[in-house]
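The structure appears right after this line, and notes come after that.
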């Protein structure tokens, strides 16, 4: 179970698909290609309704044992610090990448603000413009 990811989701229903390809590149750098597809149910911060955000992650991680080794990675590789014992927990890698894909402020792209809110905003903007406009007096003189 991906506990940290579940904490940010509106619902834990659904399944994710993943593939991890471990190997060594032409430069002799150990790495893992991470491919994840998951429908994440998030809470829209505009409407406060749950919505499904389809997430696809495709990234190459360079496995390093010390932070200093990051400088030796090619630009297309993101660093992944491996524990001293060399153990790598695939679920943690997948969870980390999915957490990075979750937007800071989730907003359903298909949502819109209620008409009442939009009407209030337009009325407020018009009232502010009349009150704060230094040329409002000149407009009155022109008539």
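Taking the mean number of other Cβ atoms within 10 Å as a proxy for protection, how do you rank 36-42, 74-80 from highest to lowest?
Ranking, from highest mean packing down: 36-42, 74-80.
Pop out the Kirkwood hydrodynamic radius of the stretch 62-117 from its pairwise C-alpha distances, inverse of mean 1/r, in Å to one decimal.
On the way: mean 1/r = 0.0685 Å⁻¹.
The Cα-based Kirkwood calculation yields 14.6 Å.
Could you work out how far apart the two model spin labels at residue 46 and residue 19 are, taking each label as a point 7 Å from the Cα in the direction of the beta carbon, and quote it in nm?
3.4
Which whole-percent values make up P(r) of the stretch 3-110 when all C-alpha to C-alpha distances are grouped in 10 Å steps starting at zero?
13, 40, 27, 16, 3
Full extension from residue 66 to residue 89: what is 0.36 nm times the residue separation minus their Cα-Cα distance, to one decimal in nm? Each step should come with its number before you reach the end.
On the way: separation 23, 0.36 × 23 = 8.28 nm, distance 1.75 nm.
Between residue 66 and residue 89, full extension yields 6.5 nm more.
Could you list 35, 89 in order of exposure, starting from the residue whose Cβ has the fewest other Cβ atoms within 10 Å?
89, 35
Just to verify a number: FRET efficiency for residue 76 and residue 10, C-beta to C-beta distance, R0 = 35 Å, to 0.05?
0.55
Computed from the coordinates by the stated procedures, all read-outs in this text should not be read as laboratory data. Just so it is clear, the model here is predicted, and its values are computed rather than measured. Reconstructed Cβ throughout: ideal geometry from the backbone, glycine too, with neighbour counts over all protein chains shown.
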